[in-house]
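Here the structure comes first, spelled out in structure tokens, and everything after it is commentary.
The values are calculated or read from the model by the stated rules, or taken from the named source; none is laboratory data. For clarity, every value in this text was computed on a predicted model and none was experimentally measured. Note that we place each Cβ from the backbone using ideal geometry, even for glycine, and neighbour counts take in every protein chain shown. Side chains are part of the model used for accessible areas, which takes the heavy atoms of the whole protein and leaves out ligands, DNA and RNA. Shrake-Rupley method; radii C 1.70, N 1.55, O 1.52, S 1.80 Å.
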Amino acid sequence: MLNNIGVVSKNSLSYVKAIFDAYIKNQTVVLLRSVDDQARLDLMNVKSVIEPADDFGWFDAAYNFNDSDDLAQVSFTSGTEGEPKGVLLTHKMLSDVTVRLNDVMELDDSVCEYVGVPTNFSFGLGRFRAISAVGGRAFLPEFGFNPVEIRDMLKAGEINAISAVPT
């Protein structure tokens, strides 16, 4: 694992772009809690860290994700208890779920989706991956999920899809 890059977890478009750019460069993304997350930096031999800026709004970059067996990302989860453990995700794993979801949802480049889930949650990042894979547009709200904002964007014809979780 010589090509690891740390990305600090943040709900922002810069976070999404940093991760997608690393995928394209075939760098393994290691998700960090902070710039000085020494345990993960040492464990994964991370030499370079990106701390994403705060930015929100429209994301319309189309990405052609690969489906190799190379390691794409190391996420950390504790499940329901305990110290977080690393989960190794290959490009093929991420690509497979993206393709299957897009097929079932019949997603295409006409999608303009309000993503009301933080990008640094796996579901939020997955929505950006799915939308980017078909060349659609995704909107990340600055202040989180907002039903009034959704209503106004629907009325204005700015969005035609919504992703959210129960609150």
Item to check | Selected residue (criterion: farthest from the chain's Cα centre (by Cα)) from residues of segment 5-54 that are of a type in the set (Gly, Ala, Ser) and assigned to a helix (DSSP H, G or I) | outcome: ALA39
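PHE139: under 15 Å from the mean Cα position of the chain (by Cα), part of a strand (DSSP E or B) and under 22 Å from TYR15 (Cα atoms), yes or no?
Details: under 15 Å from the mean Cα position of the chain (by Cα): yes; part of a strand (DSSP E or B): yes; under 22 Å from TYR15 (Cα atoms): yes.
Here the answer is yes, as PHE139 does meet what is asked.
Among the residues of segment 80-90, are any open to solvent by 80 Å² or more (accessible area, probe 1.4 Å) and touching a His at 6+ places or on another chain (Cβ under 8 Å)? Before you say what the answer is, go through the steps one by one.
Kept after step one, since they are open to solvent by 80 Å² or more (accessible area, probe 1.4 Å), are these residues of segment 80-90: 80-81, 83, 85, 88.
Imposing the further condition that a residue be touching a His at 6+ places or on another chain (Cβ under 8 Å) reduces the set to none.
The answer is no; no qualifying residue exists.
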Checklist entry - Hey, ASP69 hits all of (1) in contact with a helix residue (DSSP H, G or I) (Cβ under 8 Å, 6 or more places away or on another chain); (2) under 25 Å from ILE162 (Cβ atoms); (3) open to solvent by 30 Å² or more (accessible area, probe 1.4 Å); (4) acidic (Asp, Glu) but one; which does it fall short on? => result (2)
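Please enumerate the residues belonging to segment 79-133 that are among the acidic types (Asp, Glu) and either under 15 Å from the mean Cα position of the chain (by Cα) or assigned to a helix (DSSP H, G or I) (or both). Before you say what the answer is, go through the steps one by one.
The initial filter retains those residues of segment 79-133 that are among the acidic types (Asp, Glu), namely 81, 83, 96, 103, 106, 108-109, 113.
If the condition is that a residue be among the acidic types (Asp, Glu) and either under 15 Å from the mean Cα position of the chain (by Cα) or assigned to a helix (DSSP H, G or I) (or both), then ASP96, ASP103, GLU113 are the ones that fit.
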Next on the checklist: Being touching a Leu at 6+ places or on another chain (Cβ under 7 Å) and open to solvent by 30 Å² or more (accessible area, probe 1.4 Å) is true for just one of VAL99, VAL115, VAL134, VAL148. Which residue is that?
Outcome noted: VAL134
Checklist entry - Between a first residue in segment 134-158 that is modelled with pLDDT under 95 and a second residue that is open to solvent by 70 Å² or more (accessible area, probe 1.4 Å), which pairs have beta carbons less than 8 Å apart while being 6 or more apart in sequence or on different chains? => result PHE145/THR167
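Matching residues to (1) at pLDDT below 95; (2) within 16 Å of ASN120 (Cα to Cα):
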{"site": "VAL8", "(1), (2)": "no, yes"}
{"site": "SER14", "(1), (2)": "no, yes"}
{"site": "ALA18", "(1), (2)": "no, yes"}
{"site": "THR28", "(1), (2)": "no, no"}
{"site": "ARG40", "(1), (2)": "yes, no"}
{"site": "ASP54", "(1), (2)": "no, yes"}
{"site": "MET93", "(1), (2)": "no, no"}
{"site": "VAL104", "(1), (2)": "no, no"}
